[in-house]
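Here the structure is laid out as structure tokens; the discussion comes afterwards.
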Amino acid sequence: MIDETVEEIADMQTHSSSVVAVKAAEALLSLTDREYPTVEEYVRTLERNSHALRRANPSHASLQTTQREVLSTVEDADADSVDAAKEVTRDAVESVVDRVRSAKERAAERAVEYLEGGPTLLTHDYSSTVLEAIERTVDAGTDLEVYCTEARPRYLGRKMVRTLSDLDGVDAHLIVDGAAGHFLPEIDQVVVGMDCIVEDTLYNRIGTYPLAATASDAGVPVRVVGAEAKVVTGGFAFENEHRSASEVIREPADGFAVENPAYDATPTRLLDAAITDEQVHEF
């Protein structure tokens, strides 16, 4: 079960980090169906499998933090029986899964007042939290005009704009990534999701940094929406992912290298705020 989930998580490149974190946490429950001679053996097995899940996608902060939380909760409980340790695991998994799922809802709700104040938006890539914030805003009665970049090379921005086009109250536009600067004078605010914020750096889908830098130069505020669990102050080193050249070019790359990083690093000084389920971080 865990091995299958590790492979699945490694392949979940089009899913949000919250979906990945929930998938990994729930995978740990399969360990509670097995028999173990001692509590120590159970905890070692839990630790080994949790490490494998974390390594399946080291760039997702929410995956890292939720896995560490489940493991530390079980270790700190110092259970006096295997059954007791299993019960602690079940409770810990339920707690983190509930929090991950509700965090997106609370962050989206907190973002509504910002979206209402600047109804012409530009967003990048696909963010389920940004999408929910937009849905909540139009449901509250504010019409929005939303420009979406394609988000090359995997074009997840196209997925975003197709979803937005089905919403009443949203006037959706698809633009190529390089056209963002052309449209920014018409934009009230840039709103994007986040993979994570580590110290003074936002890590998000490639293309976020030049978009934020151009928006800053144009005087357009950039706001990030996501779970507080993705704001990391220590104990986590972001690892970028370098993806296949076939996503960029179909024919053989003869005589040249194809670079395809999945994420870039945006200094938080270029951001106006990060809106999370717990608070608003102003920069």
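The values are calculated or read from the model by the stated rules, or taken from the named source; none is laboratory data. In this text the structure is predicted, and so the values were computed from the model without any measurement. Virtual Cβ from ideal backbone geometry, glycine too; neighbours counted across all protein chains shown. Surface areas here come from the heavy atoms of the whole protein model, side chains and all, with no ligands, DNA or RNA. Shrake-Rupley method; radii C 1.70, N 1.55, O 1.52, S 1.80 Å.
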Considering the stretch 168-180 alone, what residues qualify as being out of contact with any Lys or Arg (no Cβ under 6 Å at 6 or more places or on another chain) and either open to solvent by 40 Å² or more (accessible area, probe 1.4 Å) or of a type in the set (Phe, Trp, Tyr) (or both)? ASP168, ASP171, HIS173, LEU174, VAL176, GLY178
Which residue is modelled with the lowest pLDDT, if the candidates are limited to the stretch 13-37 and must be touching a Lys or Arg at 6+ places or on another chain (Cβ under 9 Å) and β-branched (Val, Ile, Thr)? THR14
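If I filter the stretch 200-210 for residues that are among the hydrophobic types (A, V, I, L, M, F, W, C), under 21 Å from SER17 (Cα atoms) and in contact with a helix residue (DSSP H, G or I) (Cβ under 8 Å, 6 or more places away or on another chain), do I get at least one hit?
Within the stretch 200-210, the subset among the hydrophobic types (A, V, I, L, M, F, W, C) is 202, 206.
The next check asks that each one be under 21 Å from SER17 (Cα atoms); those that pass are 202, 206.
Pick out the ones that are also in contact with a helix residue (DSSP H, G or I) (Cβ under 8 Å, 6 or more places away or on another chain) and you get 202.
Yes; the residues of the stretch 200-210 include at least one that is among the hydrophobic types (A, V, I, L, M, F, W, C), under 21 Å from SER17 (Cα atoms) and in contact with a helix residue (DSSP H, G or I) (Cβ under 8 Å, 6 or more places away or on another chain).
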Return the total of residues in the stretch 235-251 being in a loop (DSSP other than H, G, I, E, B) and either over 22 Å from ALA61 (Cα atoms) or open to solvent by 50 Å² or more (accessible area, probe 1.4 Å) (or both). 10
Pairs only if they're at least six apart or on different chains, beta carbon under 6 angstrom, first in the stretch 182-203 and closer than 11 Å to LEU121 by Cβ, second outside any strand (DSSP E or B) and modelled with pLDDT under 95; list them, first residue then second. ASP188/GLY118; GLN189/GLY118
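Here are some residues: ARG44, ARG106. Which one is open to solvent by 30 Å² or more (accessible area, probe 1.4 Å), more than 30 Å from VAL280 (Cα to Cα) and in a helix (DSSP H, G or I)? Walk me through how you get there before you give the answer.
Working: ARG106 fails: more than 30 Å from VAL280 (Cα to Cα).
It is ARG44.
Can you tell me which residues in the stretch 252-283 are in a strand (DSSP E or B) and open to solvent by 80 Å² or more (accessible area, probe 1.4 Å)?
Initial filter on the stretch 252-283 (in a strand (DSSP E or B)): 261, 263-267, 273-275, 280-282.
Across the stretch 252-283, the qualifying residue is only GLU282.
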Which condition number does ALA215 fail, the rest of (1) under 16 Å from CYS196 (Cβ atoms); (2) hydrophobic (A, V, I, L, M, F, W, C); (3) not in a loop (DSSP other than H, G, I, E, B) being met? (1)
Here, strands (runs of 3 or more DSSP E) confined to the stretch 118-203 with at least 1 residues that are modelled with pLDDT under 95 are 196-198
Out of everything in the stretch 74-83 that is under 17 Å from ARG34 (Cβ atoms) and without any contact (Cβ under 8 Å) to a residue 40 or more places away in the chain, what residue ends up being least open to solvent (accessible area, probe 1.4 Å)? VAL74
Being in contact with a strand residue (DSSP E or B) (Cβ under 9 Å, 6 or more places away or on another chain), farther than 17 Å from GLU7 by Cα and among the β-branched types (Val, Ile, Thr) narrows it down to one of THR32, THR65, THR45, so name that one. THR65
Cβ contacts < 7 Å: first residue over 14 Å from GLU199 (Cα atoms) and among the β-branched types (Val, Ile, Thr), restricted to the stretch 245-274; second residue open to solvent by 40 Å² or more (accessible area, probe 1.4 Å) and part of a strand (DSSP E or B), any location; separation 6+ or different chain. Result? none
